[in-house]
Amino acid sequence: MKMKNLKLYLFALLASGAIMTSCDEEENLVEQRKSDNPLPVVTDPSGSNGTVTLTKYVSIGNSITAGYMDGALYTNGQAHSFANMLGTQFQISGVGGTTFNQPDINSDFGYSGMGPGNTILGRYVLDLSIPGPKPTLTGQVPTAYAGNKAELNNFAVPGMRIVDINSAALAGSNPLYARFASTPGTSTVLSDALAASPTFYTYWLGNNDALGYAVGGGVNAAMITSQADFQNALASSLTALVGTGAKGVVMTLPPLVVLPYFRAVKWNAIPLDQATADQLNTAFAGLNAALNGLAAYNLISTAEAAKRKVTYQAGPNAILMHDKDLEDLGPKFDALVGAQAITAAQRQALEPYRQSRPATSSDLPVLSAATVLGTGTAPIGLAIPIEDKYILSANEVVKTVTARATFNQTIKGVVDQINAGAGATVITLVDVQPKFADLFGLDAATVDQLALGLGTQSSIAAVKAEADGELGIKVNGTNLAPDFSPNGVFSTDGIHPNPRGHAIIANLILSAMRTAYGVDIPDVDVLAQRGILVQ
């Protein structure tokens, strides 16, 4: 045995001997310290259900309620839905809740679409090397729910609009409902939820009735549900739920255009050096001259010409965008040819710019714009206008804001009418707008600009009271941001909350239940939930 090993061997023997000879003495010391400093008794949490019966909780909603996050529906996301968090809290001793069953997608990565070579893409993760979201390459196409459909509690369907809640056709157009529908092609989300015999429900629908339009860049105004159809679907479905004798919570719609999906890519996201700016300005001299020519012939105003001119400089520059609300200058460019002010070749070069202009701070590029900006031989958004579907124009922002505000006032009106007819508060309205105003650091002026509130002075004042102008919120001393950063509360798709965001939503509902029903149910621990998935 080498000397070094011998010394180690002797040290081990000495150490073990010391342990053996001092064992009794140490045990006595430990017992004495336990006696002097007793450990706190850890007990399971308990609570009470107040005046509401929580034995059968049913959740109705769209992608948020389903736990869709990171651009996909996957098992871990479902497990962290606010609905599942509530279902778990309701099972605390004394509250009376039972097992909350969800239509498990049975997929670790979910499905976010198809990639090159028919690669099945899964949920997004934050790639710090980009930095930005990117899809995983191990997605799985959704399959039929293998569990007992009769025992389900969560009837949320990603992509569902409020007008789809009682449509038997939904299973034919939406596989995420078809996979757990009791009778695809015949049953509806509402009929399935009613068949579950709820004693309490949460209802959060209506976001997609305006959000689908906005996410698509405002291309198709028909995607915004009419106020009449919205009201009819809401009133009929809530009346049916109230008819079961169940009490419920209905939630308002948050401000949509402040979501990270519309804020992550800036309107002036084109960085240039002076040399490149000079080259581009030379290239756009023809367009700018043509616009001056149109103004000189009184075919457009000088203000219109100035709005459309393209000029670059060193530093950040506006995205060059297509704006379908602009007048189509094609015929007027043709008039310049007829006046021999430009040649046919020069006219052809103007073709991409018939309805184009540089973006302003009132325009909102969508998150997917990041995948196309600067790509192509003639870089998109720089030399060629970016397509309408990648950016919300100021007019399209107004349409989105107006629709959401109208829907929120409709939600309040229907809930008030049902409660008045019942002579009691059978539906509790939870307004999420104040919390979102706080989270996004809005100020009073922005509250007015985004038409937050429910159409009454008191509801607007409640939102403004939380609009402190400071970005993010603080939870137990930790700052949480309104984005998909590692300390954010949104998932990497920029629309749906991550688990921490879901916990905040669950706690909003629990707070309302304490006021309405006198429940004693502890909050979900926000900081105990994970944030985003990072690669």
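For the stretch 257-292: of the residues being part of a helix (DSSP H, G or I) and in contact (Cβ under 8 Å) with a residue 60 or more places away in the chain, which is nearest to residue 488 (Cα to Cα)? My answer is 260. Starting from residues that are touching a strand residue (DSSP E or B) at 6+ places or on another chain (Cβ under 9 Å) and among the small types (Gly, Ala, Ser), keep the ones in the stretch 471-502 and report whichever is nearest to residue 53 (Cα to Cα). That would be 501. Can residue 516 be described as of a type outside the set (Lys, Arg) and under 19 Å from residue 88 (Cβ atoms)? Judged against the criteria, residue 516 is not a match. Scanning the stretch 238-295 for residues that are among the charged types (D, E, K, R), crowded, with 16+ Cβ neighbours inside 10 Å and within 23 Å of the chain's Cα centre (by Cα) gives a single hit, 263.
Here's the yes/no breakdown for (1) in contact with an Asp or Glu (Cβ under 9 Å, 6 or more places away or on another chain); (2) assigned to a loop (DSSP other than H, G, I, E, B); (3) not hydrophobic (A, V, I, L, M, F, W, C):
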position	(1), (2), (3)
333	yes, no, no
342	no, yes, no
370	no, no, no
399	no, no, yes
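Every listed requirement among (1) within 17 Å of residue 412 (Cβ to Cβ); (2) in a helix (DSSP H, G or I); (3) not acidic (Asp, Glu) is met by residue 249 save one, (2).
Out of 359, 345, 341, I need the residue that is touching a strand residue (DSSP E or B) at 6+ places or on another chain (Cβ under 7 Å) and of a type in the set (A, V, I, L, M). Which one?
Going through 359, 345, 341 in turn, just one is touching a strand residue (DSSP E or B) at 6+ places or on another chain (Cβ under 7 Å) and of a type in the set (A, V, I, L, M): 359.
Within 22 Å of residue 398 (Cα to Cα) and among the acidic types (Asp, Glu): which single residue out of 525, 448, 493, 483 fits that description? First the steps, then the outcome.
Values: 525 fails: within 22 Å of residue 398 (Cα to Cα); 493 fails: within 22 Å of residue 398 (Cα to Cα); 483 fails: within 22 Å of residue 398 (Cα to Cα).
Of 525, 448, 493, 483, the one residue that is within 22 Å of residue 398 (Cα to Cα) and among the acidic types (Asp, Glu) is 448.
For every residue, the table says whether it meets (1) in a loop (DSSP other than H, G, I, E, B); (2) surrounded by fewer than 21 Cβ atoms within 10 Å (Cβ to Cβ); (3) within 23 Å of the chain's Cα centre (by Cα); (4) not charged (D, E, K, R).
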position	(1), (2), (3), (4)
150	no, yes, no, yes
168	yes, yes, no, yes
184	yes, yes, no, yes
198	yes, no, no, yes
209	no, no, yes, no
222	no, yes, yes, yes
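Taking the stretch 123-140 as the range and being among the β-branched types (Val, Ile, Thr) and either buried (at least 16 other Cβ atoms within 10 Å of the Cβ) or at pLDDT 95 or above (or both) as the test, the residues that pass are 125, 136. Contact map, the stretch 413-438: first residue in a helix (DSSP H, G or I), second residue surrounded by fewer than 16 Cβ atoms within 10 Å (Cβ to Cβ), Cβ cut-off under 6 Å, separation 6 or more or different chains; pairs are 419/425.
Scanning the stretch 327-343 for residues that are under 39 Å from the mean Cα position of the chain (by Cα) and either within 11 Å of residue 294 (Cβ to Cβ) or surrounded by 16 or more Cβ atoms within 10 Å (Cβ to Cβ) (or both) yields 327, 329. Hey, does the stretch 376-394 have a residue that's in a helix (DSSP H, G or I), in contact (Cβ under 8 Å) with a residue 60 or more places away in the chain and within 30 Å of residue 459 (Cα to Cα)? Among the residues of the stretch 376-394, not one is in a helix (DSSP H, G or I), in contact (Cβ under 8 Å) with a residue 60 or more places away in the chain and within 30 Å of residue 459 (Cα to Cα), which makes the answer no. The set of residues in the stretch 196-234 being in contact (Cβ under 8 Å) with a residue 40 or more places away in the chain, farther than 22 Å from residue 414 by Cβ and of a type in the set (A, V, I, L, M, F, W, C) consists of 196, 214, 215, 219, 221.
Of the residues making up the stretch 296-331, those that are more than 28 Å from residue 216 (Cβ to Cβ), of a type outside the set (Phe, Trp, Tyr) and not in a helix (DSSP H, G or I) are 298, 299, 300, 301, 309, 311, 313, 314, 315.
The values are calculated or read from the model by the stated rules, or taken from the named source; none is laboratory data. Bear in mind the structure is a predicted one, so any value in this text is a computation, not a measurement. Glycine also receives a Cβ, built like all others from the backbone with ideal geometry; neighbour counts cover every protein chain displayed.
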